[in-house]
Amino acid sequence: MYLVDSDVLIDAKNRHYGFDIVPAFWDWLGREHQAGKVFVVQRVADEVLAGADELAAWMKAQPASFKLAPTAADVPSLTSVSQWASSAGYQAAAVSAFLQAGDYFNVAQALTLTYTVITQEKPEPASRKKIKIPDACDAVGVSWMTPFKMLSNEGARFRL
């Protein structure tokens, strides 16, 4: 199962899979959700909805089950991820930004659910100014991959 980060959706809309160019990508996400494989955390959905654009309209059209709200079961994972972020040597501003963003919930909810986080971010373990999703995932034992790897693993094909 996969939790898709907002950067994947935004980049897809703006570059590789524009709604008018590759509508099959968006259809595929919907089908994979119906199959119980693809979700976003509520915080990511909120980030996308704040855009008030075509991507936000698409997000609004998704079933409620597509957006996973945090639950009481996530509390231990949220605590673990926040404790790691606070003690890993990042600047206070980096920790604050991470804990307020969808990234934090992506990593923590993936930890709870044993899902894989899908992100465009690349690891930067030496950085102290920004916490990157892959670094947080690696630190707490969550799998992550790029959207292209997910599409390949799932055998997605967008043909004319």
(message) Between a residue in region 116-140 that is in contact (Cβ under 8 Å) with a residue 12 or more places away in the chain and more than 23 Å from residue 11 (Cα to Cα) and any residue that is among the polar types (S, T, N, Q) and surrounded by 15 or more Cβ atoms within 10 Å (Cβ to Cβ), which pairs come within a Cβ distance under 7 Å, given they are 6 or more apart or on different chains?
(response) 140/80
(request) Please work out which one of (1) modelled with pLDDT under 95; (2) within 16 Å of the chain's Cα centre (by Cα); (3) among the hydroxyl-bearing types (Ser, Thr, Tyr) is the condition residue 112 fails and give its number. (result) (1)
(request) Of the numbered conditions (1) part of a helix (DSSP H, G or I); (2) farther than 26 Å from residue 22 by Cα; (3) out of contact with any Asp or Glu (no Cβ under 6 Å at 6 or more places or on another chain); (4) among the β-branched types (Val, Ile, Thr), residue 112 fails exactly one; give the number of that condition. (result) (3)
(request) Would you check which residues across region 68-109 are assigned to a loop (DSSP other than H, G, I, E, B), more than 21 Å from residue 30 (Cβ to Cβ) and under 15 Å from the mean Cα position of the chain (by Cα) and list them? (result) 70, 101
(request) Go through region 3-42 residue by residue and tally those that are of a type in the set (A, V, I, L, M, F, W, C) and surrounded by fewer than 18 Cβ atoms within 10 Å (Cβ to Cβ). (result) 6
(request) Specify the residue that is farthest from the chain's Cα centre (by Cα); the eligible residues are those in region 49-67 that are exposed (fewer than 12 other Cβ atoms within 10 Å of the Cβ) and either hydroxyl-bearing (Ser, Thr, Tyr) or not in a helix (DSSP H, G or I) (or both). (result) 52
(message) Which numbered condition in (1) over 21 Å from residue 137 (Cα atoms); (2) in contact (Cβ under 8 Å) with a residue 60 or more places away in the chain is the only one that residue 64 fails?
(response) (2)
(request) Evaluate the following for residue 79: is it β-branched (Val, Ile, Thr), out of contact with any His (no Cβ under 7 Å at 6 or more places or on another chain) and at positive phi? (result) no
(request) Pull up region 136-160, narrow it to residues that are over 20 Å from residue 35 (Cα atoms) and at pLDDT below 95, then point me to the one that is nearest to the chain's Cα centre (by Cα). (result) 159
(message) So in region 68-98, with the set limited to residues that are farther than 20 Å from residue 40 by Cα and among the aliphatic types (A, V, I, L, M), which one is surrounded by the most Cβ atoms within 10 Å (Cβ to Cβ)?
(response) 85
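The values are calculated or read from the model by the stated rules, or taken from the named source; none is laboratory data. Bear in mind the structure is a predicted one, so any value in this text is a computation, not a measurement. Please note: Cβ atoms are built from the backbone with ideal geometry, for glycine as well, and neighbour counts cover all protein chains shown.
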